[in-house]
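Notes follow once the structure below has been shown.
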Amino acid sequence: MDHQNTVVRPNEERLSKFEEHVGEGKAVEPRDWMPEEYRSHLVRQMSQHAHSEVIGMQPEGNWITRAPSIRAKQILLAKIQDEGGHGLYLYSAAETLGISRVEMIEQLQTGKAKYSNIFNYPSLTWADIGAIGWLVDGAAIVNQVSLQRTSYGPYSRAMVRICKEESFHQRQGYEIMANMMNGTADQKEMAQDAMNRWWWPSLMMFGPHDGESPHSANAFKWKIKRHSNDELRQKFIDKTVQQAEVIGLTIPDPDLKWNEEKGHYDHGEIDWDEFYRVIRGNGPLNKQRIAHHVKAHEEGAWVREAAEAYKTKQAQKYN
Amino acid sequence: MTTDSQLDLWEVFIQSRNGSHHIHAGSVHASDRKMALQNARDIYTRRGEGTSIWVVPANAIAASNPDDADMFFDPADDKVYRHPTFYTMPEGAKQI
């Protein structure tokens, strides 16, 4: 009996110290004691976030060779390079929790770790590149701005860095949409079609309604999360509606209406069946996205092997 | 999956302009110092954030243990006379 107590007590003491610490709004650093659940929650969230950045390069990469001008191509390349960089900031931050890069990649490729559902949809036209930058990155920014104040130091610092870079992404997307809405009837139709296809998946990016969000309770208590899914989604809707109006795009939601009393837009119900269908691997492109990642990873293996061989050879030379 | 090396871990420190400190920015994977510097440049300074980069093998860094922080930093706790506000200055003395 006593034995059990002596094992448990120190951890309970540490837990209450930990909760007091985060409760005061103080950051947690890699070598600080933390509850195992805090660590595993962050590993899951941060690796998922990193994977999303990396998989998110694919729908945009699809358009590099078909960008309509050299300017558009340069911008798209820079944006995709940023996404790769963001993935690396986040992998680097997640590694401070004791998980290796190899493990994270394996979890992605075997489906154990998720990435944002949105990247399982295809980018069919150039207007989709506009919609991805404006809506998908726009939604990501709302989430990431909130995460700048997350309690885990390395995650928070990575978010600050990422937020600085993301606003270029959103503006380049909005510019594409605005240009198309100033163009021919076909171009306008193409922009509206992209809007129609990306609007709802963008709203789903914030995750299930607060009542059905599986990992929320401790995430709030430990200040990993600072705002709820629904709060962030509302924020995104409220700021995006006006931007759509300015360039003449219609939001594909007949129930969307300004609610004077609340000071927010009311919106129609999200199709959660679709959300869960895609999350479970049955979206348009789930298999293709992972297959492509595996292929790139395997085709790059010789580079890593060569680098290791070179390192060994250099070490022999100078020893 | 084969045992695939993801290369060594290096910590990255960036000086944003001459005259500033090098500040920790994150980490990169690389097999040698040249690759570590190039990767750090590509990952952490895509918008002119740096004039100088240091990369250090992560396993070469010694770090203090946060559990011992109270004890470790204790020697500085009772030496208030190291701060200028400790001293009583005569009334009327200026620029001191």
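Using a 1.4 angstrom probe on protein heavy atoms only, the contact between B and A buries about 2200 square angstrom of accessible area, both sides summed. Note on chain A: dipole from Cβ charges, positive end direction compared against A:A309, A:L77, A:A27; the farthest Cα belongs to A:A309.
Remark: region A:59-70, residue by residue, has Karplus-estimated 3J(HN,Hα) of x, 7, x, 3, 10, 4, 6, 10, 4, x, 8, 5 Hz, where x stands for each Gly or Pro and the curve is 6.51 cos²θ - 1.76 cosθ + 1.60 at θ = phi - 60°. Here is the size of region A:19-151 from its Cα atoms: Rg then Dmax, 16.9, 55 Å.
Peptide A:306-316 is shielded by partner chain Cβ atoms: per residue, an average of 3 of them sit within 10 Å of its Cβ. A full extension of the chain between A:R280 and A:T184 corresponds to an added length of 30.6 nm, given 0.36 nm per residue minus the alpha carbon distance. Taking the Cα centre of each part, how many Å lie between region B:6-34 and region A:178-233? Between the Cα centres of region B:6-34 and region A:178-233 lies a distance of 35 Å. Is region A:218-282 rounded, prolate or oblate when judged by the Cα gyration tensor, a ≥ b ≥ c being the square roots of its eigenvalues, rounded requiring a/c under 1.5 and prolate requiring a/b larger than b/c? It comes out oblate by the Cα gyration axes. Of the trypsin sites (Lys or Arg not before Pro) found in region A:99-141, the ones in coil according to DSSP and having at most 14 other Cβ atoms within 10 Å of their Cβ are A:K112.
Sorted on the mean count of surrounding Cβ atoms within 10 Å across their residues, most packed first, peptides A:174-181, A:126-133, A:281-288 read A:126-133, A:174-181, A:281-288. Diffusion of region A:175-319 by Stokes-Einstein, at 25 °C in a medium of 0.890 mPa s and with Rh set to the Kirkwood radius over alpha-carbon pairs, works out to 125 µm²/s. Taking θ as phi - 60° and the Karplus parameters 6.51, -1.76 and 1.60, the scalar couplings of region A:301-315 work out to 4, 5, 5, 5, 5, 4, 5, 5, 5, 5, 4, 4, 5, 4, 5 Hz in sequence order, x denoting glycine and proline. Scanning residues 5 or more positions from B:A25 or on other chains, those with amide H under 5 Å from its amide H are B:V12, B:F13, B:I14, with H placed 1.01 Å from N in the peptide plane.
Of all DSSP beta bridges confined to the protein assembly as shown, the antiparallel ones make up roughly 95%. A simple charge model with +1 on the Cβ of Lys and Arg, -1 on the Cβ of Asp and Glu and nothing else charged puts the dipole of chain A at about 1240 debye relative to its Cα centre. The residues of region B:8-86 present an accessible area of 68 Å² per residue when probed at 1.4 Å with all protein chains retained. Remark on region A:71-127: hydrodynamic radius 13.5 angstrom, per the Kirkwood mean of 1/r across alpha carbon pairs. For the listed residue pairs A:K188/A:K239; A:K239/A:K295; A:K79/A:K114; A:K114/B:K34; A:K287/A:K313; A:K79/A:K221, the alpha carbons are over 32 angstrom apart in A:K239/A:K295; A:K114/B:K34; A:K287/A:K313; A:K79/A:K221. In this rough spin-label picture, where each label sits 7 Å from Cα along the Cβ direction, the B:E91-A:S16 distance is 5.1 nm. Rounded to whole numbers, the Karplus 3J(HN,Hα) couplings from phi for region A:129-136 are 5, x, 5, 5, x, 6, 8, 5 Hz, using 6.51 cos²θ - 1.76 cosθ + 1.60 with θ = phi - 60°, and x at Gly and Pro.
With Rh defined as the Kirkwood radius, the inverse of the mean 1/r over Cα pairs, the Rg/Rh of the protein assembly as shown is 1.02. Heavy atoms of the protein chains alone define the surface here; on that basis chain A has 51 Å² accessible area per residue at 1.4 Å probe size.
Residues of region A:48-91 losing 30 Å² or more of accessible surface, assembly versus chain alone, probe 1.4 Å, please list them. Listed in order, they are A:Q81, A:D82, A:L88, A:Y89.
When you count the other C-beta atoms within 10 angstrom of each residue and take the mean per peptide, A:36-44, B:58-66, B:23-31 line up highest first as B:23-31, A:36-44, B:58-66. To put it simply, the accessible area of the protein assembly as shown at a 1.4 Å probe is 54 percent carbon and sulfur.
Here's the list of aspartates and glutamates a cross-link from A:K225 could span, going by alpha-carbon distance under 18 Å and ignoring same-chain residues fewer than 8 apart: A:E19, A:E20, A:E24, A:E29, A:E36, A:E37, A:D210, A:E212. Farthest towards the positive end of the charge dipole of region B:8-86, among the residues B:I53, B:M71, B:G26, is the Cα of B:I53, using unit charges on the Cβ of Lys, Arg, Asp and Glu. Using just the C-alpha positions of region B:8-86 as equal point scatterers, what log10 of I(q)/I(0) does the Debye formula give at each q in 0.18, 0.19, 0.26 1/Å? The calculated log intensity ratios at q = 0.18, 0.19, 0.26 Å⁻¹ are -0.78, -0.81, -1.12. Amide H to amide H distances under 5 Å link A:Y152 with A:V28, where only residues 5 or more positions off or on other chains count and H is placed in the peptide plane. The loop-placed trypsin sites (Lys or Arg not before Pro) in chain B, going by DSSP, that have at most 14 neighbouring Cβ atoms within 10 Å of their Cβ come out as B:R17, B:R46, B:R47, B:K79, B:K94. Partner shielding of B:28-34 amounts to 4, given as the average count of beta-carbon atoms from other chains within 10 Å of each residue beta-carbon.
The values are calculated or read from the model by the stated rules, or taken from the named source; none is laboratory data. These numbers come from a predicted model, not from an experiment. Positions of Cβ are backbone-derived with ideal geometry, glycine not excepted, and every protein chain shown enters the neighbour counts. Areas reflect the complete protein model, heavy atoms only, side chains present, ligands, DNA and RNA absent. Shrake-Rupley method; radii C 1.70, N 1.55, O 1.52, S 1.80 Å.
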